[in-house]
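Asks: Got a structure here, written out as structure tokens. Questions coming.
The values are calculated or read from the model by the stated rules, or taken from the named source; none is laboratory data. Just so it is clear, the structure is predicted and the values come from calculations on it, not from any experiment. All Cβ positions, even for glycine, are placed from backbone atoms using ideal geometry, and neighbour counts span all protein chains on display.
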């Protein structure tokens, strides 16, 4: 894939103070740096090395990722939503690029 | 960390793993554990790994780990040439000390999770995941 | 685990090859129900008929997979093939080529115009020539859009075929095999029963005579293609029908036909017909 596209899934609804399941997926080869191309040359490592999720400015999870994470990295975790607010998801690429997705979430 | 990754520039495939002396691999795992715990004792309760007993393909193995009360969890693939898989730090906004992901396993091996609890103590568990050799290379 | 030494395998018949069990495998489940997101029920078992006199029943490859792999296809979020389908959806509306046209400009919303297309593929074109979906896509690109053809198994093509196939998900496989299609179907059938390669295996050796048995540590399926394009965990990417055909023939230790060859189009028609009545699953997940 050329274009990086994050996918986020949040539950349809939740009450204030609930803990909700958050699922994220992003298309990325997670090139391990351990493979060789057809010419026998090592393909340089290029992975998503860090992922963070914040809700309402509060850190939910901060993940340091290694080449053993599969291509198209999938992460599922739980977040507390004390009030309506915004999720901010950030993926850090070895090549220096940073991919961000935001998702508003309303509590009832 | 980078040094180890550089020195162990060996493929994830089962045959490549087989070429690694067992002692080197054990050292790498011990180093990974020590890097997380600083050599502290680890309790053997309070961490749960959910993973397939048999993975149809080692390239994408679904796994989740749950450690109530943990502030950090590290995942270690004890049979991979580079054992570290990921380290997960739970912030004040976390609803549970759990994470699920998909990982690469070079061969049948134990996957280990170590949790750092709020009181600074450690707990760990390990489960075996059998990685099958597929029939059709595609 | 390695019961089969390469030197020995030359001498083995297909039956012996696949009878090598010994690894206790978990749970392919012929009674499992394939329901997407708890809503869309897909047909994974269909009655056989005259097309497949040697099959008592038709089974989707999904039934032969382990529970974790099956589960990954039952949730559109967890199904990594959806990344490709989404990329295809973007390509659908992106103008390309000298005519400045997108797929959408002629075909409108794919949800309407592409529904059922995958279920009838491959299909005779207006000149009576058998074409695969990839041929139709590239014909639009080169003849109408003034754009370059995509590679058969390149990211753009597999994204587009994933997106188009998704519009037929849940529809039964139903390909034309009579009339002008009959010679292609017969060519495909002949290929299906031809033994290829140093291992002298035909498609039927594995997928008709031996499905359900093991090939090394894998369960052999019926080789149905209703799930294609498929996200293969091994490749961490989308695999096209012809790419899988090529892999199978290579595994017999033969020189393979090319993706997009007339041979593979004919074989695609015949193999598609063997899955008549199964739901289109595209985009599926396989190990």
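Asks: Please go through the range B:79-131 and give me each residue that is at the interface with another protein chain (Cβ under 7 Å from one of its Cβ atoms), touching a residue at least 40 places away in the same chain (Cβ under 8 Å) and crowded, with 22+ Cβ neighbours inside 10 Å, ordered by number.
Replies: B:80, B:82, B:84, B:102, B:103, B:104
Asks: Is it the case that the range C:81-88 has a residue that's in a helix (DSSP H, G or I), within 14 Å of another protein chain (Cβ to nearest Cβ) and farther than 20 Å from residue B:60 by Cβ?
Replies: First, pick out the residues of the range C:81-88 that are in a helix (DSSP H, G or I): C:81-88.
From what's left, within 14 Å of another protein chain (Cβ to nearest Cβ): C:81-88.
Okay, now just the ones that are also farther than 20 Å from residue B:60 by Cβ, so C:88.
Yes: one or more hits.
Asks: Contact list please: Cβ distance under 9 Å, first residue in the range B:51-70 and on the phi > 0 side of the Ramachandran plot and more than 7 Å from chain C (Cβ to nearest Cβ), second residue crowded, with 24+ Cβ neighbours inside 10 Å and part of a strand (DSSP E or B), pairs at least six apart or on different chains.
Replies: Pairs that qualify, where the first residue is on the phi > 0 side of the Ramachandran plot and more than 7 Å from chain C (Cβ to nearest Cβ) and the partner is crowded, with 24+ Cβ neighbours inside 10 Å and part of a strand (DSSP E or B), are B:69/B:97; B:69/B:115.
Asks: If residue C:111 meets every condition in (1) under 18 Å from residue C:269 (Cα atoms); (2) not assigned by TED's automatic domain parsing to the domain that holds residue C:272 apart from one, which number is that one?
Replies: Failing condition for residue C:111: (1).
Asks: With free of Cβ contacts under 8 Å to residues at least 24 places away in the same chain and within 14 Å of chain A (Cβ to nearest Cβ) as the only criterion, which of C:69, C:93 stands out?
Replies: Going through C:69, C:93 in turn, the sole match is C:93.
Asks: Look at residue C:147 and say whether it is within 30 Å of residue C:89 (Cα to Cα), surrounded by fewer than 21 Cβ atoms within 10 Å (Cβ to Cβ) and without any contact (Cβ under 8 Å) to a residue 60 or more places away in the chain.
Replies: The answer is yes for residue C:147.
Asks: Just one of the numbered conditions (1) touching a helix residue (DSSP H, G or I) at 6+ places or on another chain (Cβ under 9 Å); (2) more than 25 Å from residue C:238 (Cα to Cα) is not true of residue B:107; which one?
Replies: The one condition residue B:107 does not meet is (2).
Asks: Further, regarding this structure: Which of (1) closer than 20 Å to residue A:64 by Cβ; (2) within 13 Å of chain A (Cβ to nearest Cβ); (3) modelled with pLDDT of 95 or more is the odd one out, the single condition residue B:47 does not satisfy?
Replies: Among (1) closer than 20 Å to residue A:64 by Cβ; (2) within 13 Å of chain A (Cβ to nearest Cβ); (3) modelled with pLDDT of 95 or more, the lone unmet condition for residue B:47 is (2).
Asks: Assess whether residue C:223 counts as being surrounded by 18 or more Cβ atoms within 10 Å (Cβ to Cβ), outside any helix (DSSP H, G or I) and at positive phi. Reasoning before the result, please.
Replies: Working: surrounded by 18 or more Cβ atoms within 10 Å (Cβ to Cβ): yes; outside any helix (DSSP H, G or I): yes; at positive phi: yes.
Yes; evaluated as a whole, the condition is true for this residue.
Asks: Moving on. Within the range A:51-87, how many residues turn out to be under 22 Å from residue C:83 (Cα atoms) and surrounded by fewer than 17 Cβ atoms within 10 Å (Cβ to Cβ)?
Replies: Number of matching residues: 0.
Asks: Residues being assigned to a helix (DSSP H, G or I), out of contact with any strand residue (DSSP E or B) (no Cβ under 9 Å at 6 or more places or on another chain) and modelled with pLDDT of 95 or more: count how many of those fall in the range C:31-79.
Replies: Residues that pass the stated criteria total 0.
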